[in-house]
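This report refers to the structure that appears directly beneath it.
The values are calculated or read from the model by the stated rules, or taken from the named source; none is laboratory data. All values reported here derive from a predicted model rather than from experimental measurement. Reconstructed Cβ throughout: ideal geometry from the backbone, glycine too, with neighbour counts over all protein chains shown. To get the accessible areas, we keep the full protein, side chains included, count just its heavy atoms, and leave off ligands, DNA and RNA. Shrake-Rupley method; radii C 1.70, N 1.55, O 1.52, S 1.80 Å.
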Amino acid sequence: MTRVWSRLALAGAAALMVAGCESAPVDDAKSGDGEGTIELAEFPDRPYWGDTHLHTDNSVDAFGFGVRLGPEEALRFARGEEVTATTGAQAKLARPLDFLVIADHSDGLGATRRLYDAPRLRVVAQGDDTLLRWYDMMHESPEQSQLAIAELITAAANDELPAALADPERQKEATTEIWGAQLDLLDRYNEPGTFTAFAGFEWTLMPDGNNLHRVVMFRDGSARTRQVLPFPGLSTTAEQLWDYMVAYEESTGGKVLAIPHNSNLSNGLMFELTMPDGSPMTAEYAAKRAAAEPVVEVTQIKGDSETHPFLSPNDEMAGFGVKGWELGNLPLTAKTDDSMLAGNYIREALKRGLSLEQQLGVNPYAFGMIGSTDSHTALATGDEDNFWGKHTGNEQANTERANQAQNLGTREGRFGWHYLAGGYAAAWARGNTRAEIFDAFQRREVYATTGPRMSVRVFGGFDFEEADWDNDWVRKGYTSGVPMGGELTDSGEAPRFMISALKDPDGANLDRVQVVKGWIDASGELQEQVYDVAWSDPEERLMTGDGLFPVGDTVNREDATYTNDIGAAELRTVWTDPDYEEGQRAFYYVRVIEIPTPRWTLFDAARFGITLSEDAMANAVAQERAYTSPIWLKPRA
């Protein structure tokens with residue numbers, strides 16, 4: 001696999017070349033980072049909603065698997081316009097997004113689309129029967145196109161790609177053209193104060209099928225981003241990616257960050273305690289990683305990576321979205337065993353970060369959390385009632401998609417219902433511009449949801465009290481404490497957290513608010529605890545030795561409806577850690593749980609009149625959730 005895509009990729013040295021396409025900016029306000037273009041709030045005043053992980057027809061796999069929508073349709077859809085999906089239906093968001101990162105794979109950018117678009121006579125002139133056969137299959141039907149891309153991947157793995165696809169100079173030229181055109185497009189759709197279009201790409205390292213992918217996201221407008229090309233993934237290392245990012249910042253004065261994702265499919269490699277070669281991790285390596293990767297994608301279509309019941313046996317809410325994705329790596333070429341799970345899941349990584357920081361003085365895993373879709377349909381939606389599939393093979397035109405086995409190299413063990421409909425990224429910012437939203441990511445004032453747009457806010461400090469809700473509590477939070485993503489220095493007193501959660505105005509009520517704490521105890525052991533800190537109907541739902549009484553379930557399995565006569569529209573509290581010990585190194589993040597609601601599979605069953613398999617039906621209702629970025633408590637120096 002690696003050699004295949006590396007031959008399609010740009011040479012590493014070429015990726016930092018100045019791109020050849022020069023074009024005049026559309027508008028100074030739209031083509032820059034947005035600084036000085038709009039009036040900003042004093043403090044971040046609302047969460048801005050977006051997707052940082054969307055693929056279009058410029059991704060080799062997305063196009064091969066059928067998508068025929070490009071970056072412009074993706075931008076129009078994200079802004080709330082109606083577009084025609086690849087399979088012909090009309091697609092539209094009920095609510096537009098505030099920002100979008102189109103993150104097409106840097107390896108072989110646009111390669112399959114260019115093959116498809118070429119005149120057949122030109123392909124014939126290549127004199128390569130395999131290339132011509134793939135060309136014809138891609139034009140025959142979506143099903144044949146999927147088979148063609150599967151053959152292409154196999155040929156790459158065996159170093160048998162047709163010469164026309166393995167020419168690095170041709171690929172470099174094509175990437176330069178595609179990247180330049182996309183930057184122009186982003187500037188046209190970027191509208192400070194209304195909608196932010198970020199430049200980005202996906203870096204796709206996948207040793208032996210173990211997922212180590214990152215989305216790379218730029219803060220800057222085209223004047224800076226045009227000076228580089230997307231960095232290849234499969235032929236490089238994570239350290240080389242971070243070096244590329246540092247070189248970009250030093251040469252342009254811009255800013256860039258990377259977002260790891262699908263750690264759940266890495267077979268333990270994403271959050272190792274060691275260097276990639278197994279040697280002890282160095283402080284230099286930890287510092288490079290921490291600087292490059294301030295946030296991590298915790299939830300998306302290919303599963304949820306917060307925690308696993310094996311790692312968190314006392315967490316009754318653990319295991320959301322792990323079914324099917326806990327079986328093995330990305331293509332299911334290697335099974336996952338229990339020893340790998342600690343390197344796969346983010347709560348454990350946050351704990352490992354505390355341990356590494358104690359040893360090295362640097363925490364490589366002190367990241368904030370976001371969600372995104374990873375959709376390969378060019379349609380950025382995390383909504384259960386508006387799920388457009390992972391790829392065009394399971395768009396809504398395929399009414400049996402929930403029950404079907406998958407054909408993305410995963411024919412065994414995974415089925416359509418394993419896919420999640422989420423998620424979204426929320427950024428607390430002072431305004432909707434590239435600079436403001438990117439800086440929220442950089443300071444980790446962001447959070448993830450599995451789809452609902454619930455508004456969640458948390459401040460950590462030492463002197464918060466319930467009476468603060470009666471005054472300007474947001475000002476109190478910023479002036480007397482730190483927001484999510486911040487750090488507190490141990491004061492000798494138990495930390496207090498001011499937590500507010502509002503339901504999605506168009507969604508379900510809330511079941512409960514929890515605080516997840518991880519820490520190192522006096523003997524050096526890593527510990528975790530989940531606290532229920534606020535919940536609906538507290539006078540009726542009492543806390544017992546067995547935990548909190550369940551909120552109930554109003555979902556009608558026949559018509560995929562529910563009622564909001566249980567749960568709460570708003571939950572808030574000032575919570576003090578009851579188990580604080582002075583000198584403890586710890587983190588705290590907030591998890592907000594909704595009441596049970598239908599999954600996309602149940603909406604499909606009601607909409608199309610299909611019968612879900614027994615397993616799919618047993619998992620057709622879920623409690624959606626939000627994960628905030630942590631607040632860290634650090635010992636005094």
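Miscellaneous remarks
- Rg/Rh for segment 156-207 stands at 1.16; both radii use Cα atoms, and Rh follows the Kirkwood definition.
- Span-like helix ranges in the chain, DSSP H, alpha carbon extent 18 angstrom or more, Kyte mean at least 0.0: 142-157
- Positive-end residue, segment 165-318 charge dipole about Cα centroid, Cβ charges, pick of Gly278, Ala223, Ile178: Ala223
- Against the rule of thumb 2.2 N^0.38 Å, how large the Cα Rg of segment 334-418 comes out: 1.51
- Legend: distances between Cα atoms for Lys335/Lys634; Lys390/Lys503; Lys92/Lys323; Lys288/Lys517; pairs beyond 31 Å are Lys335/Lys634.
- Within the full protein context, the accessible area of Trp535 is estimated at about 50 Å² for a probe radius of 1.4 Å.
- Full-stretch length increase - Glu249, Asp277 - with 0.36 nm per residue and alpha-carbon distance subtracted: 7.3 nm
- Set against the 2.2 N^0.38 Å expectation for a compact globular protein, segment 40-158 has a Cα radius of gyration ratio of 1.33.
- Modelled label reach - Leu548, point 7 Å along Cα→Cβ, segment 519-538 residues with backbone N closer than 19 Å: 528-538
- Segment 355-453: GluC sites (Glu not before Pro) falling in loop per DSSP and having at most 15 other Cβ within 10 Å: Glu400, Glu412
- FRET efficiency, Lys335 to Asp537 (Cβ-Cβ, R0 41 Å, nearest 0.05): 0.45
- Calculated SAXS-style log₁₀ I(q)/I(0) at q = 0.07, 0.09, 0.10 Å⁻¹ - the chain, Debye, Cα scatterers: -0.41, -0.70, -0.88
- Residue separation of Asn564 and Ser613 scaled by 0.36 nm, minus their Cα-Cα distance, works out to 14.9 nm of gained length.
- Estimated FRET transfer efficiency (Leu526, Asp129; beta-carbon r; R0 41 Å; 0.05): 0.10
- Helical contribution to [θ] at 222 nm, DSSP H n ≥ 4, -39,500 (n - 2.57), averaged over the chain, rounded to 500: -7500 deg cm²/dmol
- All Cα-Cα distances of segment 355-511, cut into 5 Å bins from zero to the largest, leave 2, 8, 12, 14, 15, 14, 11, 10, 7, 5, 3, 0 percent in each bin in turn.
- Calculated SAXS-style log₁₀ I(q)/I(0) at q = 0.14, 0.16, 0.20, 0.21 Å⁻¹ - segment 511-628, Debye, Cα scatterers: -0.74, -0.87, -1.09, -1.14
- Relative to the compact-globule estimate of 2.2 N^0.38 Å, the Cα radius of gyration of segment 444-544 comes out at 1.21.
- Isotropic mean projected area of the C-alpha convex hull, segment 581-637 (nm²): 6.1 nm²
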